[in-house]
Amino acid sequence: MNRSERSPLDSDSTTSLRNQAIALPRLIKRISVLGLDTVLCILSVYITISLRFEEFQDLSPMVLSAMALSVILALPIFITHGLYRAIFRYSGGAALWTVVRAVVIYGVLFFVSILALPLIAPIHIPRSIGLSQPLLLFILIGASRAFANYWLGDTYRQLLFRKRAALTRVLIYGAGSAGRQLAQEIQTKSNLKVVGFLDGDERRRGIVGAHIDGIEIYALDHLRDLIISLNVTEIWLAIPSVSKSRRREIINSLVGFNVAIRTLPTLDELASGQVSISDVRQLDIDDLLNREIVPPHPLLLSSNIQGKVVLITGAAGSIGSELARLALAEMPSALILLDRNEFGLYTLHQELLAKQQSLGDAASAIAVMPILGSIGDRQLLLELFKAHHVDVIYHAAAYKHVPLVEHNLKEGIRNNVFGTLALVELATQFKVPRFILVSTDKAVRPTNIMGVSKRLCEMILQAFAAMPSQTTFSMVRFGNVLGSSGSVVPQFRQQILDGGPVTVTHPEVTRYFMSVTEAAQLVIQAGAMAQGGDVYLLDMGKPVKIVDLAKRMIELSGLQVKSEATPYGDIEITFSGLRPGEKLYEELLIGNQPQASSHPRIFKAQDDYLPWINLEEQLGLLQNLLDQGDIVAIRQLLQSLVSGYIPDQKIVDWSYAVLDEGGGGKFQ
């Protein structure tokens, strides 16, 4: 109908009001309707009593008692019968019957209560009220629901219909075997629809315009117009055989079209030649980085592991678990997994047992041993070394979350520094051939306790490496690992799923990134090259601005960043400020230019350190200060011990909080 034919309830203002009402949180809507029914109970009591006495009544004890009785009985019955579960969908015979049943039960109880009331109080409510009030209440409640259904129901049902009718309209990139298998399976899904194939293979330009099972194959030309005309919501990459570099080129070409990008794994990752919808997944974390991965050198991967007893500390963590997966594939004689995270250790163990079976009979002899415990438990470590002739240690155990360690300074140092010291001393005592420390770029000119503690770990290894020993100590320093428990990637993904905002600490903050698989491969390879006391740096590529990473993740999810330039975008990026101990940028090198190694992505640094005779004395002082709990003195000692350490002026350790007069905590 045109504007002149509209009813008063269809004006622009009422339409806006309808939309606002539907958009209210469910709890607010339920409380509002509950309040309305309370008013209707009171109103129906007053009207029926006034009609009974043929005049408006004062709020006498009898009237107030009847009102209270009505509310006390009605609301619990209405709640238990579900009258507030579907506020705007209440229409039809089933809904009407629910209201009738609830009011009948209420009416019986109300009538009985009126009869029983004089037995406990000198108040007499006419029995006719027990019959007429429930009937009037039913009329009022029914009318309120009918009005809500008339005024809001159509709008709500249209919204519900749009949600239910919204198919995921898929454009499949790749018209080969994988794409055809996907399209055939999608035909059986009611919530998915293939609207076309894309094929960018120049060698097969002739197939453009052809059809596969009635679905047209399109060229990449004018892709934006194609996405609009076909109303595409997702693009699925069905190109498992292409190289990683070509894959990145394709992904980069699809950014900015406001469609979600999903992908099949590579051929190597697919268990068989068969392709299923269940194989389709979010883009790999590697795809978020414009970074070419150098294939690992097989000899470097196997030389420290094959036929050896391998101990991995922090095995349930991001790096530790990936080291365990890679180590198992290289056929060690035993794999010892040490971690204090019970569930994480259990999960990893089950995964490795399943992988062990898939590796065949040769892998069945590998002893995979999950050890629940901490590197701070020296007695446990001693028993481990006595029971097993360990050949190589990958030491990945550490508290690594910068703000959390900053707030728990003493425990961070105890675990990271003195746990490492215990492990190094026992490795020396039991003549373990190889010891590789997993370090971090935060150890370079640190501004936080986590970074200081990791630099001290490096210094311990450097000092022990300088002494006569049958253990080759080395350390591998690298930046952030995408997808790890402390990475921003899982956090950003969840925030995008929640509708935003995506929170970044600072618009200029940058970090080095690599995938967990590449990092673990390079750690193993660097450890195999070590001569003793080596500080290896992994080539992390160019630093990435975190805000750019956030934008890329939003765009690859098929959404648009909300900003001043695009005020109607989907996801806003907000800035929360740097956290305690956090830097705008990280570094990998303390001293001079790094030296090249035999691997193109691994370099060697020449960092200064204290001889063990001096470092041992300082660590003794540090231990005493930890025992005393003197946080100010601990920070002063760390500043003198670790070159370049510039802590935050404010101490934020929770145990250092000073109660103010109001009873809250504040930090000095």
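Quick note: the coordinates plus some simple rules give every number you see, no bench work behind them. Since the structure is predicted, the reported quantities are computational estimates derived from the model, not experimental observations. When we count neighbours, we look across all protein chains shown, and the Cβ atoms used for this are built from the backbone with ideal geometry, even at glycine.
Values as computed for the structure displayed
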item	result
Spatial separation of Cα centroids for the range 325-361 and the range 368-427, in angstrom	19
Unsatisfied cross-links (Cα-Cα over 24 Å) in the set Lys545/Lys650; Lys410/Lys650; Lys308/Lys386; Lys400/Lys650	Lys545/Lys650
Distance in nm between pseudo-label sites at Gln628 and Ser597 (7 Å out along the Cβ direction from Cα)	4.1
³J(HN,Hα) computed for each position of the range 562-572 - Karplus, 6.51 cos²θ - 1.76 cosθ + 1.60, integer Hz, glycine/proline x	8, 8, 4, 6, 10, x, 9, x, 8, 10, 8
Fewest-first sequence of Met467, Met475, Met450 by Cβ atoms within 10 Å of each Cβ	Met467, Met450, Met475
For the range 438-490 versus the range 215-261, the gap between their alpha-carbon centres in whole angstrom	41
Residues Arg378 and Asp648, FRET efficiency given R0 of 25 Å [Cβ-Cβ distance, rounded to 0.05]	0.20
Distance in nm between pseudo-label sites at His297 and Glu342 (7 Å out along the Cβ direction from Cα)	4.4
Hypothetical label at Leu131: residues of the range 51-68 whose amide nitrogen lies under 18 Å (7 Å Cα-Cβ projection)	51-54
Global geometry of the range 298-641, whether rounded, prolate or oblate, following the gyration tensor of its Cα atoms and the 1.5 cut on a/c	oblate
Ranking of Leu353, Leu622 by count of other Cβ atoms within 10 Å, fewest first	Leu353, Leu622
Theoretical FRET efficiency, 1/(1+(r/R0)^6), r = Cβ-Cβ of Arg52 and Leu27, R0 35 Å, to 0.05	0.40
Difference of contour (0.36 nm per residue) and Cα-Cα distance, Ile613 to Thr566	10.8 nm
Cα convex hull of the range 387-470 - mean projected area over all directions, nm²	5.6
Residue order, fewest to most beta carbons within 10 Å, for Lys442, Lys308	Lys308, Lys442
Distant-in-sequence amide H partners of Leu237 (H built 1.01 Å from N, under 5 Å)	Tyr173, Arg262, Thr263, Leu264
